[in-house]
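Novice: Could you have a look at this structure, given as structure tokens, before my questions?
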Amino acid sequence: MGIWMTAKHAAEAVRAEVAAEAARLRAGGIVPKVAALLVEGDPASAYYAETKRKIAAKLGIEFELMTMPREATEEQLVGIVTAWSRDASIHGIMLELPLPGHVSAAAVAAAVDPLKDVDGVTPAAKLAVMTGEPGLYPATPQSCIRLLQAYGYSLEGKHVTLVGRGQTVGMPLFHMLQREQATVTLCHSRTPDLTSHVRRADIVIAAVGRTGLITKDMLHAASVVVDAGINERPDGSIAGDVSADAIETAAAVSPVPGGVGTLTTALLFENAMKAIRLQAQTAKKGAIR
Ligand code: NAP
């Protein structure tokens, strides 16, 4: 029987640091502010945005949530994000994905000022993740790594099987894991015999969006399993990609909810604080020139 890698303590530690930094900024006359764009029609996104609003309030960060109707045009959404990018009182911009099919998420993301890109969705952020340049990295891949570290699991020299190559989690995480000196096997929907790849790994990370894809019989007694998946069950409850009984075989499993997602939300606001530092550094450089 393994242990559950819950994110409660790690998330609390991150939130405490963010709250302290936000208080310092306020004392210095800067009111940290994040703006989020939500398009109606996706209940999960609306719920997530509301959660972020509540957390921001506790951290001393202002949170502006702009909710647009489903028929909003790409031009309108790009216009809002462009205005936020130019507004010096807004330090971080969040896009609540998915956007409706008639809107190019890439076009809206490209309008985000890379210095305010707390979700890590701009082309500049994607390049930084690939090359290891400093920048704002997406929160969910960061969360997977930080959760492992919080439980004392080093990635150096470990064989990680990463399941999922999506743009939000899998692909950025692939690059970040390499820099942690892990050997990474990247699996996806066309990978034959997923079980053999999962079983060979020291660490398994699932970022797919399929309930129960990773089952207890695919794992071994030393497997450490991070579950980034978020799936809605027919009864409205949330489940990950790893079946709950995996804990019977594996050494450690992160729960859903209460694992990667919990830490991700805290790290988004950590990114917002980092964004403020990056903006200040850039302004200073501009003043020197
Ligand atoms: P995505 O873009 O939809 O990508 C899903 C990936 O899973 C694809 O690479 C796909 O393969 C692969 N896949 C699908 N079926 C598979 C199967 N049967 N076996 C192996 N691989 C399979 O997803 P995403 O946006 O990266 O998100 C991944 C998951 O993370 C979702 O559940 C999402 O809700 C969750 N998420 C969690 C957080 C958090 O904070 N916890 C944040 C964001 C997202 P192909 O490439 O071949 O299609």
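Novice: How large is the dipole of the chain about the Cα centre if only Lys and Arg carry +1 and Asp and Glu carry -1, each at its Cβ, rounded to the nearest 20 debye?
Specialist: In debye, rounded to 20, the chain gives about 840.
Novice: Can I ask one more? Quickly work out the GLN167-to-MET66 label distance, labels modelled 7 Å from Cα along the C-beta direction, and quote it in nm with one decimal.
Specialist: The two pseudo-label positions are separated by 2.0 nm.
Novice: Here's another thing I want to ask about it. Roughly what would the spin-label model give for THR191 and GLN76, points 7 Å off Cα along C-beta, in nm?
Specialist: Using points 7 Å along Cα→Cβ, the separation is 4.1 nm.
Novice: What is the antiparallel percent of DSSP beta bridges lying wholly in the range 139-261, to the nearest 5?
Specialist: So the antiparallel bridges amount to about 10 percent of the total.
Novice: On to the next question. Go through LYS52/LYS274; LYS8/LYS52; LYS126/LYS216 and tell me which ones have a Cα-Cα distance over 23 Å in this structure.
Specialist: As for pairs spanning more than 23 Å Cα to Cα, those are LYS126/LYS216.
Novice: May I pose another question? What number comes out for accessible area per residue over the range 31-114 if the probe is 1.4 Å? Units Å², please.
Specialist: In whole numbers, the range 31-114 has 47 Å² accessible per residue.
Novice: Still on this structure, I have one more. Would you please give the residues with an amide H less than 5 Å from that of LEU65, counting only those at least 5 places away or on a separate chain, with H modeled from the backbone geometry?
Specialist: ALA36
Novice: Still on this structure: Quick check: at a probe of 1.4 Å, how many percent of the accessible area of the chain sits on carbon and sulfur atoms?
Specialist: 56 percent
Novice: Quick check for you: with a 1.4 Å probe and neighbouring chains kept, what is the accessible area per residue of the range 139-261, in Å²?
Specialist: Per-residue value: 43 Å².
Novice: Is the shape of the range 31-114 best called rounded, prolate or oblate, per the rule: a/c under 1.5 gives rounded, else a/b larger than b/c gives prolate, else oblate, with a ≥ b ≥ c the square roots of the Cα gyration tensor eigenvalues?
Specialist: The shape class here is oblate.
Novice: Next question. Taking Cα pairs under 8 Å and at least six residues apart, what relative contact order does the chain come out at, in percent?
Specialist: 21 percent
Novice: So for the chain: antiparallel DSSP bridges make up what percent, rounded to the nearest 5?
Specialist: 5 percent
Novice: Please arrange ASP245, ASP227, ASP235 by accessible surface area, largest first, computed with a 1.4 Å probe and ligands excluded.
Specialist: From most accessible down to least: ASP235, ASP245, ASP227.
Novice: Next up: Just want to confirm a number: the relative contact order over the range 139-261, from Cα pairs under 8 angstrom separated by 6+ residues, in percent.
Specialist: Relative contact order, the range 139-261: 24 percent.
The values are calculated or read from the model by the stated rules, or taken from the named source; none is laboratory data. The model shown is predicted, which means the values in this text are computed figures rather than measured ones. Every residue, glycine among them, receives a Cβ derived from its backbone with ideal geometry; neighbour counts consider all protein chains shown. Just the protein is used for accessible areas: all its heavy atoms, side chains included, with ligands, DNA and RNA removed. Shrake-Rupley method; radii C 1.70, N 1.55, O 1.52, S 1.80 Å.
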